[in-house]
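Just below is one structure, and these are the notes that go with it.
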Amino acid sequence: MTQPFVSQITSTANPRIKGLARLRRRRYREERGETLVEGFEELSLALAAGVRPVTVYHCAELSRPGELEALGARAEFAEAELIQVNRAVFDKIAYRESPDGWLAVLPSVHTALADLRPGAEPLLLVCEGVEKPGNLGAMLRTADAAGVSAVIATDPGTDWANPNVVRASKGAVYALPVVSADTDDVLAWLAERDIPVVAATPEASAVYTELDLRGPLAIAVGSEKYGLSPAWLAAARQRALIPMSGLVDSLNVSTSAAILLYEAVRQRSRPSG
């Protein structure tokens, strides 16, 4: 049964409402170890992954019938502080277009590289120097759908707790392990475990469909502007080319990651021999 709301906020000048705005800043998120998740679907996925919200803000004017009951049936949701707000307040705290009346403060996600357990035949995605939260979130969404073991960001321009990463991932940031680490540390970690690297680069000579992407593997993609650094290209056991016929000289990095990941999935699903 749904737990009753413990309080109500009707003023946009409330200190707690102002505090939510500070969570949009990376430094404050890191200090608090918290982030924002907006949206019923995103919050539902986080709850399904076992995340326990700190606080949930709900606007009945914007949400759909039955959503409160659906979330309230989950044990993870029942432990959160529940606050009901009016439309004016929710418009103040919402950070996406067409809000649906749900915003939650959740613990930030982060797995230390040393604590990552990739399994016997992992499929890893490494993203180097990706700055746009939307791209990082889109890659997370694809990685979750493709059954990737973990996503590792090296020298990232944003953090996993960025609300726009969470939004673009549709909450998938809570569904699989995510790591941030320096390039040198990640390369050493991969070498210790004999996990080969496939580097996506337009300078490769082999088309990605010609490569063997079965077995333990780390697929590395770089930023759209600079691509992968020399360190990753030098460490790669194979380099993958995604053919392009138009005038544009690069694909969106999340698109490149999706192409390579699903080629690996396709190859791994084929019978051996």
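Values computed for the structure shown
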read-out	value
From the options VAL51, VAL126, residue that is β-branched (Val, Ile, Thr), farther than 21 Å from ILE17 by Cα and modelled with pLDDT under 95	VAL51
Residue pairs meeting the criteria (Cβ under 6 Å; at least 6 apart or on separate chains; first assigned to a strand (DSSP E or B), in the stretch 175-191; second surrounded by 21 or more Cβ atoms within 10 Å (Cβ to Cβ) and at pLDDT 95 or above)	VAL178/VAL151; VAL179/ILE152; SER180/ALA153
Qualifying helices (runs of 4 or more DSSP H) (wholly inside the stretch 85-172; at least 3 residues being in contact (Cβ under 8 Å) with a residue 60 or more places away in the chain and among the aliphatic types (A, V, I, L, M))	87-93, 133-146
Options ARG74, ARG26, ARG22: the member that is surrounded by 14 or more Cβ atoms within 10 Å (Cβ to Cβ) and among the charged types (D, E, K, R)	ARG74
Those residues of the stretch 213-259 which are charged (D, E, K, R) and not in a strand (DSSP E or B), in sequence order	ARG214, GLU224, LYS225, ARG237, ASP249
Inter-residue pairs, beta-carbon under 6 Å, first without any contact (Cβ under 8 Å) to a residue 12 or more places away in the chain and in the stretch 27-50, second surrounded by fewer than 16 Cβ atoms within 10 Å (Cβ to Cβ), 6+ apart	TYR28/ARG22
Identity of the residue in the stretch 164-190, within 14 Å of LEU43 (Cα to Cα) and of a type in the set (A, V, I, L, M, F, W, C), that ends up nearest to the chain's Cα centre (by Cα)	VAL173
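The values are calculated or read from the model by the stated rules, or taken from the named source; none is laboratory data. None of these values were measured; they are calculated from a predicted model. Backbone-built Cβ (ideal geometry, glycine too); neighbour counts: all protein chains shown.
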